[in-house]
Amino acid sequence: MEAIAAHTAVDPKRRHALGKGIESLLGPRPQAAPVPEPTGKPLEIPVDRIEPNPYQTRTAFDPAKLAELTQSIAATGVVQPIVVREVAGGRYQLIMGERRWRASQAAGKATIPAIVRQVSDEQAMEMTIVENLQRADLNPMEQARAFDRLSREFHLTQEQIATRTGKDRASVANFLRLLKLTKSIQNLVETGELSFGHARALLGLESSKSLTEAVERILKDHLSVRQTELMVTAMLNPERKPMRAAPTPPPQDPNVREAQDRLQQKLGLKVRIEDKKGKGRVIIEYAGVDDFDAILGALGE
């Protein structure tokens, strides 16, 4: 047996020589473009070798803010690396940092600093959603659709979604319920014309006629979330004493109205500015801890 093993063993030196012989006949093997090794440290990666994030939960990028970021990157470069993962063909798929990647392209940058991670589809989607949630970049409908994707595509329960995204289960359930609203109402929530609290109150109504009437009144009379809840209760229980009509607010200065609309769009919550000759107060309505955290995040706390 030892003799057979001795004859069948291949001398390492002979194998090396054989490899050289084949190379001399066929020519050197073509070398693929070098792919940086995942080290956990930022690497300079060509921007044209990066593909968009298929799990991006944010649907709108503010053109003005993107233009500002483009100017900054053109002047000083990218300060915070993006996060990518390797895909086939020596390319990369974006996980986090799409605004920085887009702005780098617009600024004419050839490369961008990136951290390469080895993650699954589920992990990549989870990282994308969590990053946006932590930065309060998503409006309520975008959050609802993100949670829905985790549920449908990765079969996660509400409890699992809550654990992985840092939300409580009741909050996840409330966001998912928003998807039961009509598309027109979802659009109003997405643009900030209706807050998360308003939308949640409207879930008590089932008929499209009732929903349309309720939304029209909210927008016309600038109802608060509490007033909306009382209105929905009255609509569901018409035999009870009807709710007193909300007083018609006085005409609002156009500049104050514009500032109020901008704040509502930024926070995704109902905002009311009461101004009297340059003095007054800003009232921000929130329906729970998640809304309150979003306000703190916007204030940089």
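The values are calculated or read from the model by the stated rules, or taken from the named source; none is laboratory data. Keep in mind that what you see is a predicted model, and the values were worked out from it rather than measured. In this analysis, Cβ positions are derived from the backbone assuming ideal geometry, glycine residues included, and neighbour counts consider all displayed protein chains.
Across the stretch 41-58, the qualifying residues are those that are modelled with pLDDT under 90 and more than 13 Å from THR128 (Cβ to Cβ), and the one among them that is surrounded by the most Cβ atoms within 10 Å (Cβ to Cβ) is PRO42. The criterion of being assigned to a helix (DSSP H, G or I), touching a residue at least 60 places away in the same chain (Cβ under 8 Å) and either assigned by TED's automatic domain parsing to the domain that holds PHE61 or under 15 Å from the mean Cα position of the chain (by Cα) (or both) does not hold for MET141. If you filter the stretch 148-172 down to residues that are of a type in the set (A, V, I, L, M, F, W, C) and surrounded by 15 or more Cβ atoms within 10 Å (Cβ to Cβ), you find that the one that is modelled with the lowest pLDDT is PHE154. Evaluation of GLU213 against the conditions (1) out of contact with any Leu (no Cβ under 6 Å at 6 or more places or on another chain); (2) touching a residue at least 24 places away in the same chain (Cβ under 8 Å) shows that the sole unmet condition is (2).
With the condition kept exactly as written, say whether any residue in the stretch 18-25 is modelled with pLDDT under 90 and either within 30 Å of ARG145 (Cβ to Cβ) or assigned by TED's automatic domain parsing to the domain that holds ARG262 (or both). Full working, then the answer.
In the first step, residues of the stretch 18-25 are kept if they are modelled with pLDDT under 90; the result is 18-25.
Adding the requirement that they be either within 30 Å of ARG145 (Cβ to Cβ) or assigned by TED's automatic domain parsing to the domain that holds ARG262 (or both) leaves none.
No: the stretch 18-25 contains no residue that is modelled with pLDDT under 90 and either within 30 Å of ARG145 (Cβ to Cβ) or assigned by TED's automatic domain parsing to the domain that holds ARG262 (or both).
Filtering the stretch 144-191 to residues that are more than 22 Å from GLN56 (Cβ to Cβ), of a type outside the set (S, T, N, Q) and in a helix (DSSP H, G or I) leaves GLU159, ARG169, ALA170, ALA173, ARG177, LYS180, ILE185, LEU188.
Counting only residues that are at pLDDT 70 or above and outside any helix (DSSP H, G or I), how many does the stretch 220-251 have? Explain how you work it out, then say what you get.
Going residue by residue through the stretch 220-251, those that are at pLDDT 70 or above are 220-239.
This time we only want the ones that are outside any helix (DSSP H, G or I), so: 222-224, 237-239.
Residues meeting the conditions: 6.
Being out of contact with any Cys (no Cβ under 6 Å at 6 or more places or on another chain), modelled with pLDDT of 90 or more, surrounded by 19 or more Cβ atoms within 10 Å (Cβ to Cβ) and outside the structural domain of LYS266 (by TED's automatic domain parsing) is not true of THR111. Going by what's in this entry, would GLN264 be described as at pLDDT below 85, over 30 Å from ALA173 (Cβ atoms) and surrounded by 14 or more Cβ atoms within 10 Å (Cβ to Cβ)? Against the criterion (at pLDDT below 85, over 30 Å from ALA173 (Cβ atoms) and surrounded by 14 or more Cβ atoms within 10 Å (Cβ to Cβ)), GLN264 does not qualify.
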